[in-house]
Amino acid sequence: MITELSNNLNQSLCVGNRRIEKRLVLAPMSFIGNIAFRELVSSFGGYGLLFTEMCRAKSVPHENRYVSPYFRWRDEELSCLVCQIFGSDPEIMATAARRIEKEGFFGVDINFGCTAPSICRQNSGAALLENPALAAQIVADVRKAVSIPIFAKFRTGWKDDPRIAIDLAKRFEDAGADALTFHPRVAPDRRARPPRWEYIGMIKQAVSVPVFGNGNVFDHDDCRNMLQQTGCDGVAIGRMAVARPWIFAELADGFKPGPDIYLDSAVNMTTLLARHYDPTRAVRRFRKFALYFSANFRFGHTLYIKLLNSQDMEEAKDILHSFFEDAPDLVSRPNMNFFR
Ligand SMILES: Cc1cc2nc3c(=O)[nH]c(=O)nc-3n(C[C@H](O)[C@H](O)[C@H](O)COP(=O)(O)O)c2cc1C
């Protein structure tokens, strides 16, 4: 069914010198936004862009795409794939962006939001929110290095004060960013409290480049409300795309999922991971996927615990088949115990 929302989501949008055909994008997610998961999402469509998991800028220039678990892609996805990088040295970030442009990615995204201590200790990710001059310098140096679209993804800051985020947004735009993805949570709060969507509206008002709103969009109404309440140009979806990889197709294309889609998608995920990764890496990535996928079910914890303990993709497949034999109860909104 084509709704007003899907009409909005199917309006094309200029980002820098390029154009996207749809306004929903897959948010970057470390360990989850891998080549296998993106192939699963691609099988349904409905998105305008896919973002990779974050890649260490220092490593990007030397990575072998056929060996690296992170800097890895299928040629078919390149035209709508944005590579996210993290780092703190503007020159290193610029060098990474040059490789990303040379490989033919749609764009490069700079991570100003990751709160993992291992990343912040290196003065990268959300740590840069406390150093707006350096953050802007990174964008400016990447701008000088490449002509593909540059995205900056950021959070509110380390204090719950939207003025910090507004200042950052303006600095990013002035430094040459072509689009912003804004997740309105303070950095110490990983994802526990609700995001403050009203701040997205403030960012949208402050800049003229496109703004992608992000945070707790789980269904049709959330997506419509975020667009209406904030005036943002597009929406980035993270965890719900793991729970329901067809969410983009559902919201933008009116795709109607059938009853078998949960089992089929999870089984497909095991197959794709086994195709793209060695058994150890496949299992580790499937465990991350399983956490958010299990949020679909009333008794999802029983599924999750079993999948967490599975030793390989064949065992995971068997667990999935036996869980679905009893037609598990679905929940319409995700079980938030899993959405950490
Ligand atoms: C498992 C996981 C990994 C994430 N990794 C990244 C990342 O590498 N880079 C980034 O900018 N954001 C990362 N995020 C944040 C998401 O992009 C997004 O901002 C957040 O999940 C809120 O959106 P959602 O409510 O649609 O999930 C991650 C989130 C999750 C759940």
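The values are calculated or read from the model by the stated rules, or taken from the named source; none is laboratory data. Bear in mind the structure is a predicted one, so any value in this text is a computation, not a measurement. Cβ sites come from the backbone with ideal geometry, for glycine too, and all protein chains shown count toward neighbours.
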Residue check for F105: modelled with pLDDT of 95 or more and surrounded by 24 or more Cβ atoms within 10 Å (Cβ to Cβ): no
Among the numbered criteria (1) surrounded by fewer than 19 Cβ atoms within 10 Å (Cβ to Cβ); (2) in contact with a helix residue (DSSP H, G or I) (Cβ under 6 Å, 6 or more places away or on another chain), which single criterion is violated by I305? (2)
Of these, R191, R196, R224, which one is within 16 Å of the ligand (Cβ to nearest atom), at pLDDT 95 or above and in contact with a strand residue (DSSP E or B) (Cβ under 9 Å, 6 or more places away or on another chain)? R196
Go through the residues of the range 205-214 one by one and say whether even a single one is in a helix (DSSP H, G or I) and either of a type outside the set (D, E) or away from the ligand (no atom under 15 Å from the Cβ) (or both). yes
Where the second residue is surrounded by fewer than 22 Cβ atoms within 10 Å (Cβ to Cβ) and β-branched (V, I, T) and the first is at negative phi and lies in the range 288-301, which pairs have Cβ atoms under 7 Å and are six or more apart or on separate chains? K288/I32; F289/I32; N296/V331; F297/V331; R298/V331
Report those strands (runs of 3 or more DSSP E) wholly inside the range 18-89 carrying at least 2 residues which are under 14 Å from the mean Cα position of the chain (by Cα) and away from the ligand (no atom under 11 Å from the Cβ). 49-51, 81-86
